[in-house]
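Taking it in order: structure first as structure tokens, then the write-up.
The values are calculated or read from the model by the stated rules, or taken from the named source; none is laboratory data. Fair warning: this is a prediction, and the values are worked out from it, not measured in the lab. Virtual Cβ from ideal backbone geometry, glycine too; neighbours counted across all protein chains shown. Calculation scope for accessible area: heavy atoms of the full protein, side chains included, ligands and nucleic acids excluded. Shrake-Rupley method; radii C 1.70, N 1.55, O 1.52, S 1.80 Å.
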Amino acid sequence: VDNLYALPALADEIVSLVRRGTIERPVVVAPDAGRGPLAREYMRRLASVGAGVAIGDKVRPERDERSEVSALLGDVSGRDAILVDDIIFTGSTLTNMARAVAEAGARSVRAVVTHGLFTGDAVALVQASPLVEVITTDTVPAQVEQEPRIRQVSVAPLFASAIRSIVEETSISRLFE
């Protein structure tokens, strides 16, 4: 089994937004300490566009999917923040962190998420949040075509490269370096 990571496709999308002038002075934000390494990897890949990094801290007082932001470590003031995560279910963590980042002075707040499930009232939470855009991959069929702030990028080229590497017996890890 080979793990495939959407990070290259999502990082390329962020670079594209910077080059078009949609994003200036990006700062990658992890919604919690567990996503800190992911945020640092995004920052490394986005070094050419001057990306910074910040890390949120959250608590789950009821021990369910609801969360509250308890701290934000790093400077987001005047920057375009990009929240990074692997999956969005209910949208609670993402939208709470988006509010905290906006309140900390971010110029704009976006999110890049590998798998966009959008269960329950997740779309309504996104609509009521300061998120300008949520970018997911097409690993899960879109169930939210009517929401213009949620869009998908394709991982088909990544999958094609992985299949080619398997057939040619070359390294798959090279796709993520």
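Key figures for this structure:
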{"quantity": "Trypsin sites (Lys or Arg not before Pro) within the range 120-177, DSSP loop, no more than 15 other Cβ atoms inside 10 Å", "calculated": "none"}
{"quantity": "Karplus (6.51, -1.76, 1.60) ³J(HN,Hα), θ = phi - 60°, over the range 18-29, in Hz, Gly and Pro reported as x", "calculated": "5, 5, 7, x, 6, 10, 10, 6, x, 10, 8, 10"}
{"quantity": "Per-residue HN-Hα couplings for the range 42-53 [Karplus 6.51, -1.76, 1.60; θ = phi - 60°; Hz; x = Gly/Pro]", "calculated": "4, 4, 4, 6, 9, 4, 5, 10, x, 6, x, 9"}
{"quantity": "Other-chain or far-sequence residues with amide H under 5 Å of Gln152's (modelled H)", "calculated": "Thr136"}
{"quantity": "Between the range 113-167 and the range 11-86, the alpha-carbon center distance in angstrom", "calculated": "17 Å"}
{"quantity": "Filtered trypsin sites (Lys or Arg not before Pro), the range 9-84: DSSP coil and at most 14 other beta carbons within 10 Å", "calculated": "Arg20, Arg63, Arg66"}
{"quantity": "Contact order relative to length of the chain, as percent, for alpha carbon pairs under 8 angstrom and 6 or more apart", "calculated": "19 percent"}
{"quantity": "The chain - share of DSSP beta bridges that are antiparallel (%, nearest 5)", "calculated": "15 percent"}
{"quantity": "The range 25-177, accessible surface, carbon-and-sulfur percent (1.4 angstrom probe)", "calculated": "53 percent"}
{"quantity": "Sparse-neighbour loop sites [GluC sites (Glu not before Pro); the range 1-101; at most 16 other C-beta within 10 Å; DSSP]", "calculated": "Glu24, Glu62, Glu65"}
{"quantity": "Cα gyration tensor shape for the range 120-170, rounded if a/c is under 1.5, else prolate or oblate", "calculated": "prolate"}
{"quantity": "Tensor-based shape of the range 1-89 (alpha-carbon gyration tensor, a/c under 1.5 rounded, otherwise prolate or oblate)", "calculated": "oblate"}
{"quantity": "Size of charge dipole - the chain - debye, nearest 20, with Cβ of Lys, Arg +1 and Asp, Glu -1, no other charges", "calculated": "500 debye"}
